[in-house]
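Below is one structure, written out as structure tokens; comments come after it.
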Amino acid sequence: MAGYIPELVQYLKDGFDVSDLTVFRYHLDKLSLDASFAIPVALIINKALTNSIKYSFQGKETRRDIDFFILQDNGLIKLELTDIGVGMNET
């Protein structure tokens, strides 16, 4: 997964023509997942990253940081994607 995720991110960056202001950082433990787990994880990352690119930075012309975390701890795998986007309305 640590080799695949940067490749997936690059594909999405190219597809959305993401500006040079966008910085992607990876915090990835080296782990292998069976295809039955890897495919859903890739789909989740694809959707989350697509939403982040499309909606998190509307109107912002500053640096855009997006961080990926995949960490393994006591047999559990944690997937996290964070950005410093505009956030959601309180309504």
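Readers should treat all values here as calculations from the given coordinates under stated rules, not as data from a laboratory. Since the structure is predicted, the reported quantities are computational estimates derived from the model, not experimental observations. For neighbour counting, all protein chains shown are included, and Cβ atoms are generated from backbone atoms with ideal geometry for every residue, glycine included.
Please list 40-49, 9-18 highest first by mean number of surrounding beta-carbon atoms within 10 Å per residue.
Working: 40-49: 14.9, 9-18: 13.0.
So the order, starting with the most tightly packed, is 40-49, 9-18.
Roughly how many nanometres apart are two label points built 7 Å out from the Cα toward the Cβ at ASP73 and HIS27?
Result for the modelled spin labels: 1.0 nm.
So what are segment 4-83's ellipsoid semi-axes, whole angstrom, largest first, if each one is the square root of 5 times an eigenvalue of the alpha-carbon gyration tensor? Walk me through the intermediate numbers first.
Working: eigenvalues 119, 35, 22 Å².
For segment 4-83, the ellipsoid semi-axes come out as 24, 13, 10 Å.
What nm value, rounded to one decimal, do you get for the distance between LEU81 and PHE37 when each label is placed 7 Å out toward the C-beta?
Rounded to a tenth, the inter-label distance reads 2.0 nm.
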